[in-house]
Every structure is written in C-alpha cells, then in structure tokens.
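Read through the structure below, which is laid out as structure tokens, and then see the notes.
The values are calculated or read from the model by the stated rules, or taken from the named source; none is laboratory data. Since the model is a prediction, treat every value here as computed from it, not as a measurement. Counting neighbours? That spans all protein chains shown, and the Cβs are built from the backbone with ideal geometry, glycine included. Each accessible area value is taken on the protein alone, full model and side chains, heavy atoms only, with ligands, DNA and RNA left out. Shrake-Rupley method; radii C 1.70, N 1.55, O 1.52, S 1.80 Å.
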Amino acid sequence: MAKVSVRKKGKKWYYRFSVRDSSGKLIDVERAGTVDKNKTKRLGKQALTEYQQDGIILNPRKFTVGQVLDKWFEFRCQSYIGAGTKSDYKNAIRRIKSHPLGDTLMLTASTNPELIQKYVDDQLDPPEDSNVRPLKHTSLKASFVVLNGAFKYAEHPLKLVKNNPMPHVNRRHPEETFDVFSMDFEEEEIKIISIPDYKKLIDRFNGTIHLLPIQISFYTGMREGEIAALTWNDIDMKNRKIKIFKSMFYNTEEKMWELGPTKGKRKRIINFGDSLYKILMEARKNQLRHHMEYGELWNTVLYKRKRIDGMIHTQLEIANSKDLAYHPDYYKDMIPLDFVCKKEDGSLHTTQTIKYSNKAAKKIPGMDYYHFHLLRHTHATILLSNGANEKAVQERLGHSKKEITTNTYYHATQSARKEALHIAEMTEINEMALT
C-alpha cells in the first residue's frame, strides 16, 4: 500500500507517493499542495485514492490527447450516458485520434488552443489530400463535449494540465449576411403526412408486419425505438393506457439488440382511443393465430441481464421451441417478452425492420419525403391544431420541456391560436349584431 509523504519547498508543502505505472515500473508522483502541511497531506491522500480508483498514473510529458480521451471516456462516461450518446462520443473520439491532435501531448495542447482550433477547422473543411468527410457545424458538438470533458479531467483529478484551453476554441459558425432591407420572409414548417398520404401508407403495407408500427405511431406519437420495445404487458386494454418506459437499440460493440431507457429517461403513460383499440385487438388476434400455425417453429424473444463496464445491459435473444428444449441450461435464466410488434413467426421486429418500411414508403407516388418520424410530427400537429393543451402534448410526446414542444410545433400552435381568435371575433360580431 502506497503511503503519502509531504515536504516543504519554499513557502509551500508538496505531497509525494510512489506507484506502479501500466508497465509495472515504480514511479514517483509529486504535486504542489498548499502552505498548510495537514491540508497538503489530505490532498495527497485524495489524489492517491483517485489514481488508484482510475487505475492510471500519468506523466504529463508522456500522455497524448488521444490517450486521455480514452481514459476520460472509460472512467467518467460509462455510468450515466445513454447508448446513443455513448456512440456519438466514441465516434468523436475516434475522429480526434485519427487527426494529428490525437497524438499531441496533452500538456502541449493545453497551452496551444490553436492546435485544437486546427482540428475544428479541418473537420469543417478537410485538407484536399485527406479522406476525411467534412462535418456539419451541428455535428461538431460531440467533439467539443469530449474535448472539454477530457481537459477538465486532465486538470482534475489527474493534474496533467493547469488550464482548460477549450474556452479559447472557436466553433467557427458559418458566416451569415443579413440585408436589413430585405423583404423576403422564410418560414420553416415541419413536414407532416396528409390524411390522403396516410391512407396510401395503410394501403401499401396492409397485411404486412410494417403496418402496425405505422398505426401505433400515428395514433400515439411514440418514437420508433419505443414502439419496437413495446410489449403487451405495457398496454392496459381495459383502461386504454400505454406505459412507455423503454426503447430498443442495437449495441454495435456487443452485436446484440438491447433494451434501454427512453430518450431522456422519461417515463410516461398515455391514453388511446377506439381506433387504436380496434387495431391492437385485431393484431393480437392475428398473432395468436400465427402462433398456433407455426407451432414448434414459433420464435420466442427472451431477455438476459449482463454487466458490462459496471452497467447492466438488457440483451435480447430469439429461440424456438426446439432451441428451448435442447438447450435448457442456456436459456434457464432468460425471461420471455411478448412484443406488440413482431414478425409473423414471432421473431424480433426491430428499429431496423421499421427503417425498411421507410425505403418502401418512399417509392409510393408523391411520398418521396417520407420517414417514420414524420408520423410523430403528424400526431403532435393534429393534436395542437385541434386545440390540445401544449403541456399535455409535451407529456404525451415525452419532451423534457414544454418549450421543446412549442418551438418544434410552432406553426401548429399558431394555427390553433388563429382559429381561436377567429372564433372569438365571430362571437363578438354576432353579439354586437344582436344588441
């Protein structure tokens, strides 16, 4: 067990301890403390504990930006970010490590913000001799997050650098010219699916596994991952309520479909009406019939818990009756799930299956604009245009703030307000006519 010692140099106390690096070599770590001996010793003990928890001992003159990014991600990002965010961060780190910045010493980069600025500029406008695909300004957000996090991590607790250079790095937003006398007005409006086009979708996918997810999204506004993860146990048919608390995604590292929390980890319960009730009842009846027809070839989807990097992953597996009978030990700790959306033989219906319907729908005449998320926009717009409360719509969609709903569906709310104003004005005119 390493011990912390202190010694005074000038007016300051310094703490010191010996540890082994990743190669097993014993090295000395010494850092400046304070003018107080006891406080410096406490700082030394805290630093030693942090080093031991993170499992790394860093030499400021040896570690590169890329190495610290890896350590930051490994020890600071595993327990609290979702799968999608984790993937974005990994891609950003991979991109930085493939750039000369990744091989730059952390200490050097911390005192030379222009080196980081060069990376940013190269992502937006890559050199001609490189094979780098240019990024949009919005796609640089992940790079700024991981670099800022890594430099803060290097500053404390690793004590590799004395300052974070990221506040001095410019995101290089595109230059905009504005003519104050221009009379041109542009209004961005979210694309929605018209009722005639929705009927085209129904006709195109009638009798296929792609129809049910489309109908559920149209009548509930649920996201594709939430629909893929929806089980019959989540639906209260008697009271016509749906519990939404999980989402399906593909873990590229594990090569497995998994269940995780919804976006923002927001749980919600939503109501549904007669139309979706009839659709779900018919779907349930068809699935039970298919189960009988397939017999022992019917597939069951099961889930298992697996701990990876300190986190519990809910992974999905598929097995038919023969698999379950021949390999009981393998499947004994797995629990079956009865998904609402499934293939005809009971096997897994994923977000990838939903994406296939996008390609097919785009081939419908006049629907080359289509993608699945537009069903969610359409659902929200119909509600707001018919006077639904914005707070209620926010909760139904699972938005973290009402402002997100208001800003996203601004035109729909404006339409509803104009209609309300028109009704009020007509009422006032009628009342005046009667007096």
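When segment 127-154 is examined, which residues are found to be of a type in the set (Ser, Thr, Tyr), open to solvent by less than 50 Å² (accessible area, probe 1.4 Å) and under 22 Å from the mean Cα position of the chain (by Cα)?
At the first step, the residues of segment 127-154 found to be of a type in the set (Ser, Thr, Tyr) are 130, 138-139, 143, 153.
Then keep just the ones that are open to solvent by less than 50 Å² (accessible area, probe 1.4 Å); that gives 130, 143, 153.
Once the filter is applied, which keeps residues that are of a type in the set (Ser, Thr, Tyr), open to solvent by less than 50 Å² (accessible area, probe 1.4 Å) and under 22 Å from the mean Cα position of the chain (by Cα), segment 127-154 yields only SER143.
Which numbered condition in (1) modelled with pLDDT of 90 or more; (2) touching a Leu at 6+ places or on another chain (Cβ under 8 Å) is the only one that LEU135 fails?
(1)
Considering ARG289, ARG284, ARG305, which residue is assigned to a strand (DSSP E or B) and of a type outside the set (Ser, Thr, Tyr)? Steps first, answer last, please.
On the way: ARG289 fails: assigned to a strand (DSSP E or B); ARG284 fails: assigned to a strand (DSSP E or B).
One residue alone meets the criteria, ARG305.
Taking the stated definitions as given, is SER110 under 30 Å from GLY44 (Cα atoms), polar (S, T, N, Q) and more than 23 Å from the chain's Cα centre (by Cα)? Working first, answer last.
Working: under 30 Å from GLY44 (Cα atoms): yes; polar (S, T, N, Q): yes; more than 23 Å from the chain's Cα centre (by Cα): yes.
Yes; evaluated as a whole, the condition is true for this residue.
Test of understanding: among PRO113, PRO157, which residue is surrounded by 14 or more Cβ atoms within 10 Å (Cβ to Cβ) and out of contact with any Asp or Glu (no Cβ under 6 Å at 6 or more places or on another chain)?
Of the residues listed, the single one that is surrounded by 14 or more Cβ atoms within 10 Å (Cβ to Cβ) and out of contact with any Asp or Glu (no Cβ under 6 Å at 6 or more places or on another chain) is PRO113.
Just wondering, is there one or more residues in segment 35-44 that are out of contact with any Ser or Thr (no Cβ under 9 Å at 6 or more places or on another chain), modelled with pLDDT under 85 and open to solvent by less than 50 Å² (accessible area, probe 1.4 Å)?
no
Tally up the residues in segment 89-110 that are open to solvent by 20 Å² or more (accessible area, probe 1.4 Å) and part of a helix (DSSP H, G or I), please.
Adding up the residues that qualify gives 10.
Within segment 328-357, track down each residue that is touching a Leu at 6+ places or on another chain (Cβ under 8 Å), crowded, with 20+ Cβ neighbours inside 10 Å and either among the basic types (Lys, Arg) or within 15 Å of TYR303 (Cβ to Cβ) (or both).
PHE339, LYS342
Pick out the one residue from LYS243, LYS238 that is at pLDDT 95 or above and loosely packed, with under 12 Cβ neighbours inside 10 Å.
LYS238
Scanning segment 342-370 for residues that are among the basic types (Lys, Arg) and in contact with an Asp or Glu (Cβ under 9 Å, 6 or more places away or on another chain), which turns out modelled with the lowest pLDDT?
LYS355
Does VAL169 qualify as being at pLDDT below 95, under 30 Å from ILE116 (Cβ atoms), surrounded by 12 or more Cβ atoms within 10 Å (Cβ to Cβ) and over 28 Å from the mean Cα position of the chain (by Cα)?
No; evaluated as a whole, the condition is false for this residue.
Looking only at segment 252-288, how many residues end up being of a type in the set (S, T, N, Q), surrounded by fewer than 17 Cβ atoms within 10 Å (Cβ to Cβ) and in contact (Cβ under 8 Å) with a residue 24 or more places away in the chain?
Qualifying residue count for the region: 3.
Restricting to segment 202-226, give me the number of residues that are within 19 Å of ASP274 (Cα to Cα), in contact (Cβ under 8 Å) with a residue 60 or more places away in the chain and not in a loop (DSSP other than H, G, I, E, B).
Total meeting the criteria: 9.
If HIS373 passes every condition in (1) surrounded by 11 or more Cβ atoms within 10 Å (Cβ to Cβ); (2) at pLDDT 95 or above but one, which one does it miss?
Failing condition for HIS373: (2).
Would you point out which residue out of TYR356, TYR330 is aromatic (Phe, Trp, Tyr) and closer than 19 Å to ILE202 by Cα?
Details: TYR330 fails: closer than 19 Å to ILE202 by Cα.
The match here is TYR356.
Against the condition modelled with pLDDT under 90 and touching a helix residue (DSSP H, G or I) at 6+ places or on another chain (Cβ under 9 Å), how does GLY82 come out, does it pass?
On the way: modelled with pLDDT under 90: yes; touching a helix residue (DSSP H, G or I) at 6+ places or on another chain (Cβ under 9 Å): yes.
Considered against the rule, which asks whether it is modelled with pLDDT under 90 and touching a helix residue (DSSP H, G or I) at 6+ places or on another chain (Cβ under 9 Å), GLY82 comes out as yes.
Does segment 53-73 contain at least one residue that is over 30 Å from PHE144 (Cβ atoms) and at pLDDT 75 or above? Please lay out each step first, then the result.
Looking only at segment 53-73, we keep the residues that are over 30 Å from PHE144 (Cβ atoms), and these are none.
No, the conditions are met nowhere in segment 53-73.
Answer yes or no as to whether LEU297 is in contact (Cβ under 8 Å) with a residue 40 or more places away in the chain and surrounded by 13 or more Cβ atoms within 10 Å (Cβ to Cβ).
Values: in contact (Cβ under 8 Å) with a residue 40 or more places away in the chain: yes; surrounded by 13 or more Cβ atoms within 10 Å (Cβ to Cβ): no.
Taking the combined requirement at face value, the residue does not satisfy it.
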